[in-house]
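The values are calculated or read from the model by the stated rules, or taken from the named source; none is laboratory data. Because the structure is a prediction, the values reported are computed rather than measured. Cβ atoms come from the backbone with ideal geometry, glycine included; neighbour counts cover every protein chain shown. Please note that ligands, DNA and RNA were not included when accessible areas were found on the heavy atoms of the full protein model with its side chains. Shrake-Rupley method; radii C 1.70, N 1.55, O 1.52, S 1.80 Å.
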Amino acid sequence: EDVTTRLASGLAQATWAYRARVVVNAPATEIAARLPAGITVEPGEDDTCVVEVGSDDPSMLTVYLAFRWGCDRRRYRQWDEEWADFDRRSRSA
């Protein structure tokens with residue numbers, strides 16, 4: 001791990017009020033390629049990995065995880081407001 005990656009990861013994690021370690025059923029290399037720099041992805045067992053993510057809002061953390069891994073929004077209409085907020089934030093970033 002190079003200094004730039006470690007620094008970016010540390011700075012990103014330091015700003016999150018809420019953090020989660022999530023086991024993902026996909027290889028670490030595949031998931032790391034889909035995520036921004038600064039998010040830690042550790043190889044797991046049997047084509048899984050552990051991802052460390054965070055947010056200042058627990059609802060947004062949930063929406064981010066669902067959105068990033070292809071959740072079908074139509075099945076979770078109770079999250080419509082959070083989906084819309086996430087979309088706005090993503091476009092302005």
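Of all residues in region 24-37, those that are farther than 13 Å from Val53 by Cα and assigned to a helix (DSSP H, G or I) have Cβ atoms under 7 Å from Cβ atoms of residues that are at pLDDT 85 or above and open to solvent by 90 Å² or more (accessible area, probe 1.4 Å), 6 or more apart or on another chain, in Ala28/Pro43.
Once region 1-25 is narrowed to residues that are open to solvent by 100 Å² or more (accessible area, probe 1.4 Å) and over 25 Å from Asp57 (Cα atoms), the residue that is modelled with the lowest pLDDT is Glu1.
Restricting region 26-55 to residues that are modelled with pLDDT under 85 and open to solvent by 40 Å² or more (accessible area, probe 1.4 Å), the residue that is nearest to Arg88 (Cα to Cα) is Pro36.
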